[in-house]
1. Give me the distance in nm between label points sitting 7 Å out from Cα along the Cα-to-Cβ direction at residue 274 and residue 103, one decimal.
2. Please state the charge dipole magnitude for the chain, taken about the Cα centre, from unit charges on C-beta atoms (+1 on K and R, -1 on D and E), reported in debye and rounded to the nearest 20.
3. For the chain, with the dipole built from +1 on Lys and Arg beta-carbon atoms and -1 on Asp and Glu ones, taken about the Cα centre, which of 61, 293, 213 lies farthest toward the positive end?
4. Please identify the longest segment of the chain free of exposed trypsin sites (Lys or Arg not before Pro), where exposed means a DSSP state other than H, G, I, E or B and no more than 15 other Cβ atoms within 10 Å.
5. Figure the gain on full extension for residue 351 and residue 80 (residue separation times 0.36 nm, minus the Cα-Cα span) and round it to one decimal in nm.
6. Would you mind calculating the gained length between residue 157 and residue 317 on full extension (0.36 nm times residue separation, minus the Cα-Cα distance), in nm to one decimal?
7. What Kirkwood hydrodynamic radius, in Å, does the chain give when the mean of 1/r is taken over all pairs of distinct Cα atoms and then inverted?
8. Looking at the chain, identify the longest residue range that excludes and avoids all GluC sites (Glu not before Pro) in DSSP loops having at most 14 other Cβ atoms within 10 Å.
Amino acid sequence: MSTPRAGHPLTRRRFLGHLSAAAALLMLPRKALAQAGDPKRKLGVALVGLGRYSANQLGPALRKTQHCRLAGVVTGDRAKGLKWARKYGFPETSVYGYDTMGQMAKNADIDIAYVVTPNQVHAENCVAAARAGKHVICEKPMATSVADCDTIIAACKAAGVRLWVGYRLHYEPHTAEFCRLAREKVFGSFMKMEGANGFIMDSDTRAATDWRLDKKLAGGGPLMDMGVYVIQAACMAKAEAAPVAVTAKFGRVTLPQVFSQVEQSISWTMEFADGAVASLRSGYDEQISRFRAEAAGGWARLEDPAFYYEEPFLTTSRGAPEFPKVNHQLAQLDGMALELIEGRPSLAPGEMGRRDMAVVEAIYAAAASGKRVAVVS
Ligand code: NAD
């Protein structure tokens, strides 16, 4: 980790002051303070879907979170759910099937349902969770269409529950600082952005088993998966504004047996209302993860890996600020729990997931037609 250079606007101390949970707790109303301070009153999270992300990242993070804990699971495999109950110490009665999610309504131990299933299934899982009266975190991408995002948002509104998208980077210090630089126009308004995010998926074996290559379950290829992070970064650079139009081009297919349903790679541009342009790329053909934004008064860069679980590393034309290294999932889960406890607006609300899905739909339409496509928000 590097040290802040003279002239950088944010010191470590100021940042820690900004994020400190302890400081935030001091501002809480009494009831919320009791809830946050008592380990028995941590918010209960049920993981919906026990695949890789739940098993390797979210479950382990929920052992360390201060403001929430794993309180149940939803799985198609009851034996697996019972193993989770033993491993994480929650009652067997808190293991549900996808078809019995409605019964969570009676379980006061569960406050939040975190949907971690393949993209196409998010909508039905989120709606079921909302109808059971649970707050909902939906993994990215929020769904596979804007229409499904609208269905999720409507279900959460009708149930009076909160909806987040699992955008972990909004709770990560380097990315949060990048957002601040953009929001406060520290270098002026970012007008030129460039970025890419992808990994190499080249095995026939994986193609046979990974839903990410199944158009119906994934909704699309790397754009839906890794590309969403680059879309996010471009919007962050514009203080969360949505682009007004996009152009796009599918990349060359070198492995037709693997990429028979979804694109292997795609590049696109996003134009914003003030004339700013982002040139971006995502692919399952390149190990890459970076983002750079330029303004008249300076630049900021999220170094490779900008979007992976390893700490992204922010450098700017004024130097490299120093921030604590955090576990992304832990920071996100505690950040979201605190937003709920404190009644604060979310950094990653459902509307943001819908905005990004509108961009994804416009990008696919532009790539298919070869035309510039307006983004309808
Ligand atoms: P995975 O394939 O490892 O797990 C998916 C789970 O969903 C499996 O347990 C599977 O049994 C279950 N499932 C439920 N309904 C299903 C259905 N109808 N068809 C197939 N499987 C079904 O996938 P994963 O890598 O854990 O990804 C899950 C979600 O999490 C995706 O939306 C992905 O984009 C997201 N994700 C986010 C991050 C992040 O950094 N935020 C990282 C990884 C994955």
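1. For the pair residue 274/residue 103, the computed spacing is 5.4 nm.
2. Values: 47 positive and 37 negative charges, 203 e Å.
It comes to approximately 980 debye.
3. 61
4. Numbers: sites that count: 5, 63, 64, 185, 252, 325, 371, 372.
Looking at the chain, 65-184 is the longest stretch - no exposed trypsin sites (Lys or Arg not before Pro) with at most 15 other Cβ atoms within 10 Å.
5. Values: separation 271, 0.36 × 271 = 97.56 nm, distance 3.33 nm.
Fully extending the segment from residue 351 to residue 80 adds 94.2 nm.
6. Numbers: separation 160, 0.36 × 160 = 57.60 nm, distance 4.29 nm.
That pair, residue 157 and residue 317, stretches by 53.3 nm at full extension.
7. Working: mean 1/r = 0.0468 Å⁻¹.
Evaluated on the chain, it is 21.4 Å.
8. Working: sites that count: 184, 310.
Counting at most 14 other Cβ atoms within 10 Å as exposed, the longest clean stretch of the chain is 1-183.
No lab work stands behind these numbers, since they all come straight from the coordinates. What you see is a predicted model, and the numbers here were worked out from it, not measured in a lab. As a convention, Cβ positions derive from the backbone with ideal geometry for all residues, glycine included, and neighbour counts pool all protein chains shown.
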